[in-house]
């Protein structure tokens, strides 16, 4: 009944005399309800002052702690064609076990005796290098012999020049003596001429002196010819010296030219030997690459290239392998605004997909089915998904992680931050504020020590 009129029946009629009114307007029920509300309020106020751990929730994936323990694919560094498989998917392999055999698809490597023939070419070129080396030595000996011969020839020519100069001196002295004799003969003729005219000497004596004078004149001419011939010998000796010098210079230059040509050929042959040795090593290594082997102990996950006779390019993925031994870890991604709150050795709770858990994000000790972890690495560059990657490792001081989890499975991570009252956390959530910024105590200590 609604009290919408001035005539209020509830004041004129006592409803408590009826059975339903007794049940509804019983005063004792109000007391229990009020006590319940008071107790609930007191408990609620107490709960508001309980400690609450601020946290950062994130999705993550199970991975491995080191890169060499993660699933990988095996590639071939050379192009080829699949000839034979030695494993099946799911097989366990040891490091070095043969997975498949491939063959060549490039025509320059088709020759099965390519390595041995390249070795023969190396031996032939090495013999050519030895021959050129011997030729260089022979030319060096020839040049030394020509230089010694030039010295001897020059010495011989210089001796001839000295002899010619001495002969010139000797002939010049003889010429002067003949001139003196001629002048003496001239004076004698003049004296005999005067004596003849005076009758003191006979005509025969005068004619004898004239004959001797003419003889002296002929001797002077002959001596002058000898003197000029000696001068010509000096000139010839000088010419011979120049000729010997030019001749042996030409011979030595030609021998040196031949030596440099032989050295050039030798260096070229040595370069070809080096290139052939490099090719020989490359061919040997390439032959070993025909057998694709396991890089480490593991399990064959998937044959990416299948069948027989299928061709592939260099670097193309052939088969996937998962290492047998690995240390699991979890990678989580945090928002850029939360990254300053994450530190190395930060405590994190992890819930793995498939493992039941009861999680109270702010009360890690009360959470059931979560496992302890700690931050071991923080990526300094943002990931393609717009978040920063953080790597987590198991916390040795807490319960061991399940052994049956597999790499790649999902996980929920809860990074534990600073402890605050629940009322503060509610107030922060209502206002949309980020968690409190703080630095771990060990970081502060190290900062103080460095100062």
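The values are calculated or read from the model by the stated rules, or taken from the named source; none is laboratory data. Keep in mind it's a predicted model, so treat the numbers as computed, not measured. All Cβ positions, glycine included, derive from the backbone under ideal geometry; neighbour counts span all protein chains shown.
Couple of notes before you dig in:
- Out of 136, 168, sole residue that is surrounded by 17 or more Cβ atoms within 10 Å (Cβ to Cβ) and within 21 Å of residue 219 (Cα to Cα): 168
- Some residue of the stretch 32-50 being closer than 30 Å to residue 331 by Cβ and touching a helix residue (DSSP H, G or I) at 6+ places or on another chain (Cβ under 9 Å): no
- Residue in the stretch 271-287 that is closer than 29 Å to residue 144 by Cα, in the same structural domain as residue 184 (by TED's automatic domain parsing) and modelled with pLDDT of 90 or more present: yes
- Verdict on residue 338 being modelled with pLDDT under 90 and surrounded by fewer than 14 Cβ atoms within 10 Å (Cβ to Cβ): no
- For residue 269, the criteria (1) closer than 21 Å to residue 129 by Cβ; (2) buried (at least 18 other Cβ atoms within 10 Å of the Cβ); (3) over 33 Å from the mean Cα position of the chain (by Cα) hold in every case but one, which is (3).
- Residue in the stretch 121-141 that is touching a helix residue (DSSP H, G or I) at 6+ places or on another chain (Cβ under 7 Å) and outside any helix (DSSP H, G or I) present: no
- Against the conditions (1) within 60 Å of the chain's Cα centre (by Cα); (2) free of Cβ contacts under 8 Å to residues at least 24 places away in the same chain, residue 180 satisfies every one except (1).
- Scanning the stretch 281-335 for residues that are closer than 17 Å to residue 73 by Cβ and part of a strand (DSSP E or B) yields a count of 16.
Residue by residue, here is whether (1) surrounded by 15 or more Cβ atoms within 10 Å (Cβ to Cβ); (2) assigned by TED's automatic domain parsing to the domain that holds residue 338; (3) at pLDDT below 85; (4) not in a strand (DSSP E or B) holds:
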site: 374; (1), (2), (3), (4): yes, yes, no, no
site: 382; (1), (2), (3), (4): no, yes, no, yes
site: 386; (1), (2), (3), (4): no, yes, no, yes
site: 393; (1), (2), (3), (4): yes, yes, no, no
site: 399; (1), (2), (3), (4): no, yes, yes, yes
site: 414; (1), (2), (3), (4): yes, yes, yes, no
site: 427; (1), (2), (3), (4): no, yes, yes, yes
site: 434; (1), (2), (3), (4): no, yes, yes, yes
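- Check on residue 228, in contact with a helix residue (DSSP H, G or I) (Cβ under 6 Å, 6 or more places away or on another chain) and surrounded by 12 or more Cβ atoms within 10 Å (Cβ to Cβ): no
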